[in-house]
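Heads up, the thing below is written out as C-alpha cells.
Just so you know, all these numbers are worked out from the coordinates, no wet-lab data involved. Keep in mind that what you see is a predicted model, and the values were worked out from it rather than measured.
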Amino acid sequence: MKTIIRLLVLALFFGNVNTLFSQTPVNFDDCEYDMFFVSAEEKPQWRIDSKTLEDYFNNKIADNESIKSVEGKVILGILILKDGKTCCHSFTDLTTSNLDPKIFKEIVDEMPDWIPAKQNGKNIIFLNNLMIEIKDGKIEI
C-alpha cells in the first residue's frame, strides 16, 4: 500500500499518472565508466559564468521545431567525468509527446566541460540527474 501511495505522490509531482507508468528511461551505453557517484563532498559545477545551464539548453533548442510545441518534463542523467567532460547516461520523457532522446543526448555530449565533483580530494565520475521543464517552447531548469 505504501508503494502505491508513493507512486501516486510521484505522479502528482510529475503531473500525469499515465506518464509515470508508461515512460521508461532510455539508457545510453556509450559512456565509459566503471562506477559513478550520486553524492559527493564537492558536487560538480557548471563552469561557464557568462551563460547559465538553462541558457545553454535554450540556445541549443532554439531552432528545433519538435520541441517548441512540447509541454512537460524530461529527466536527463548526465555523467560528469573526472576531466569535466559530459556524457548523456539516460533520458526519460515525462511529456505526452514522443521526444527524440538523441536531441538531448547530443546537447549533453556537446556541453562545455564542468568543474568535476570531488571525493576525498580526488576527481570522481558523478551522475547528475537534471529535471528539465519544457514550457512555451523554452527550457526551465
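Go through K43/K135; K68/K102; K51/K85 and tell me which ones have a Cα-Cα distance over 22 Å in this structure.
From K43/K135; K68/K102; K51/K85, over 22 Å: K43/K135.
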Subject >> Alpha carbon centroid spacing (whole Å) that separates segment 80-126 from segment 41-55 >> reply: 12 Å
